[in-house]
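The values are calculated or read from the model by the stated rules, or taken from the named source; none is laboratory data. Because the structure is a prediction, the values reported are computed rather than measured. Here the Cβ positions follow ideal geometry from the backbone for every residue, glycine too, while neighbour counts run over all protein chains shown.
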Amino acid sequence: MILAQRTDTHVVRPGSTYFGVDTTAYLRDAIAALHHLDPTPDAVVITGDLVNLGHADEYERFADIVSAIRMPYFVVPGNHDDRDRLRAALPKATYGGSTHERVRFAIDDFDVRLIGLDANAPPWPGAALDDASLSWLEETLASRPGIPTILCVHQPPFRTGLHYLDVFGFGGLGRLRRTLARYPNVGRVISGHIHCVRAGYVGPARALSAPSTAPQVVPELFERHAFALRRERPGFDVHVWDPQRGFGTTTYRRDSNGSYAPVAGPGSFAENTRA
Ligand SMILES: [Fe+2]
Ligand SMILES: [Fe+2]
C-alpha cells in the first residue's frame, strides 16, 4: 500500500498569492509529480488548509485542480478551511457528518485502513478532538483491530518545537494517546499545518508532519519566538506499508525544474523498528 500525502495547499483566489507564491501552480506540480511516482500510489490524502481563506471560489479552484488526480483521494480540513464549503466542493472526499459537524472518515478499500479526523477547534489555529470524535475513533478502531492503519489529522498531535504553534496545544491528546496505546496497528499519525517536517510519537504510533506544497516555515527562527515564512522548496510525503517491513515514509522535495525527488525522511523503515 502506498499513500501519497499532500498538505497545506493554501489555494488562493485568481490574482491572489500566498506570501507571494502562486500556490495553484505549486499544487499542479505536486499532482503531476504524483503521477510520475513509480510505483503509482494507491491513494492520496490531503491533510488540510486546502484553501487559504475558506472562500467558495477558492474551493471551486481547488476542486478543479484536484480533479486531475487519477487515484482515490480523501481530505481532512485545516484551520484555514470552512467545513461546509469544503463538503459542498468535495462531497466524495469528505464523507460522513452533516452540516457544521466535523469531517471524519474510515476507508477500508486498501491493505491499510485510512482514518481521517477533524481536530479544528477554537481558539484558532488550535486543535482539539472532542469526546464525540474520540468515541467514534475508539469504536472505529475496535471494529477492525489488527489492521495496519494510518490516522490523518491536520494539526500535529505532538510537541513540534515550533513554539508559536505548540502553545495552542492539542485538546483530547491524553485520551488519544491512551486509545492508540491499545491499538498498535495504528502505525502512522500523519499531519501538516506547520509547513515543515517534524516527527514525534502519539502513544506508540510514529507521528509525522509533512512539508507543504506551498511556502515552508524556517524553523530556526522559532527558537527566537519569531514568526516568518520564506520560500523554501515545496514537498510532500509518501507513506508505504508492506507486510514484512511495516510502515515507512519518504519526503520528496521540488527542485528548481519543478520535478520532485526523494530526500531523507524522518520515518524511514530503519527508524520504524519500534513498531
Ligand atoms: Fe497551513
Ligand atoms: Fe494549518
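A quick yes/no check of all residues on (1) within 16 Å of ligand 2 (Cβ to nearest atom); (2) in contact with a helix residue (DSSP H, G or I) (Cβ under 9 Å, 6 or more places away or on another chain); (3) assigned to a helix (DSSP H, G or I):
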{"position": "Ile115", "(1), (2), (3)": "no, yes, no"}
{"position": "Trp124", "(1), (2), (3)": "yes, no, no"}
{"position": "Ala132", "(1), (2), (3)": "no, no, yes"}
{"position": "Leu137", "(1), (2), (3)": "no, yes, yes"}
{"position": "Thr140", "(1), (2), (3)": "no, no, yes"}
{"position": "Ile150", "(1), (2), (3)": "no, no, no"}
{"position": "Gln155", "(1), (2), (3)": "yes, yes, no"}
{"position": "Phe158", "(1), (2), (3)": "yes, yes, no"}
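Take the conditions (1) aliphatic (A, V, I, L, M); (2) in contact with a helix residue (DSSP H, G or I) (Cβ under 8 Å, 6 or more places away or on another chain); (3) in a loop (DSSP other than H, G, I, E, B); Ala4 misses just one of them, which is (3). Of all the listed residues (Arg70, Arg113, Arg61), the sole one being among the basic types (Lys, Arg), at pLDDT 95 or above, out of contact with any Gly (no Cβ under 9 Å at 6 or more places or on another chain) and more than 24 Å from Thr213 (Cα to Cα) is Arg113. Where helices (runs of 4 or more DSSP H) sit wholly within segment 14-99, those with at least 1 residues that are without any contact (Cβ under 8 Å) to a residue 60 or more places away in the chain and within 19 Å of Ala119 (Cα to Cα) occupy 83-89, 91-94.
Restricted to segment 43-85, and to residues that are among the small types (Gly, Ala, Ser) and within 16 Å of ligand 2 (Cβ to nearest atom), which residue is farthest from Ile190 (Cα to Cα)? For segment 43-85, the residue satisfying everything is Gly54.
Filtered by the rule that a residue be modelled with pLDDT under 90 and closer than 22 Å to Asn185 by Cβ, segment 245-266 gives Gly265, Pro266. Going by the structure shown, is Val76 buried (at least 16 other Cβ atoms within 10 Å of the Cβ) and within 16 Å of ligand 1 (Cβ to nearest atom)? So Val76 fits the description; yes.
Go through segment 171-205 and give me each residue that's in a strand (DSSP E or B), crowded, with 19+ Cβ neighbours inside 10 Å and at pLDDT 95 or above. Residues satisfying the conditions are Val186, Gly187, Arg188, Val189, Ile190, Ser191, Val202, Ala205.
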